[in-house]
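The structure under discussion appears below in the form of structure tokens.
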Amino acid sequence: MSFLDEVNSLKQKAGISKPNLALVVGIGILALGVLVFGAFQLWTAFSVPDAAFIQEETVQGESQDQVEQQSSETRSETNKSTIYVHITGEVVSPGMYQLPGGSRVSQAIDAAGGLTEAADDRSINLARELSDGEQIIVTSKQMQTDLENQGSNSTTSNDQSFSSSIQKVNINTATKEELMTLDGVGEATAEKIIAYRQEHGSFSSIEEIKEVSGIGDKKYEAIKESITV
């Protein structure tokens, strides 16, 4: 018996025919495909969660930055929208008060309980916008009156000082040159005044100067505010 005959005999004994061999090959290929597909799924299962974790971590990091930025902006807006002012003087409850940004003087006064009966509301501008750290002083009516009186007295005092600073000419002691500074008094009239003094003695009053020749009522009226004895 030849070698091929022996092989065929063994195939027949084992029940392996050509159709059965094709089936075995097909099953092998299918099994290989299942193995490859399973390996791919396993690789995907381990790879995708890592990417998802990285993406989630990135999103969380961005969210944290956004929250911190928003918190900072909120604090900044809060600081800008709040001011502190100190109000004193004629208000019911003087002190420091926290007010919204852009508040007016009237709102600060309201926060302090309002004005007292003695307050002088003319000394303040109720519509003025406040700034942070500002002090508001509400004066009393009496204080305002005192200030006005001081201003009036100062003006009167200045007027008096100015008036006294205008030096008058003493007709009993003045020289010819000094007498000639008087309105309408020339050299001749000045010499007559000196001659009158030498003859009659000192003038007893400024009106007596009218006794000097050449000085009548009209000239006297012109110089009486500028002379003294």
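The values are calculated or read from the model by the stated rules, or taken from the named source; none is laboratory data. What you see is a predicted model, and the numbers here were worked out from it, not measured in a lab. Glycine also receives a Cβ, built like all others from the backbone with ideal geometry; neighbour counts cover every protein chain displayed.
In table form, for the structure just shown:
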| read-out | value |
| --- | --- |
| Near pairs, Cβ below 9 angstrom, 6+ apart or cross-chain, from region 82-96 (among the β-branched types (Val, Ile, Thr)) to any residue that is part of a loop (DSSP other than H, G, I, E, B) and crowded, with 20+ Cβ neighbours inside 10 Å | Ile83/Leu130; Val85/Leu130; Ile87/Ala112; Thr88/Ala112; Val91/Ala112; Val92/Ala112 |
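This table checks each residue for (1) of a type in the set (D, E, K, R); (2) within 23 Å of Tyr84 (Cα to Cα).
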| residue | (1), (2) |
| --- | --- |
| Val105 | no, yes |
| Arg122 | yes, no |
| Asn125 | no, yes |
| Ser140 | no, no |
| Thr145 | no, no |
| Asn149 | no, no |
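For every residue, the table says whether it meets (1) assigned to a helix (DSSP H, G or I); (2) of a type outside the set (A, V, I, L, M, F, W, C); (3) modelled with pLDDT of 90 or more; (4) under 30 Å from Thr116 (Cα atoms).
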site	(1), (2), (3), (4)
Asn158	yes, yes, no, no
Gln167	no, yes, no, no
Thr189	yes, yes, yes, no
Ile193	yes, no, yes, no
Gln198	yes, yes, yes, no
Glu207	yes, yes, yes, no
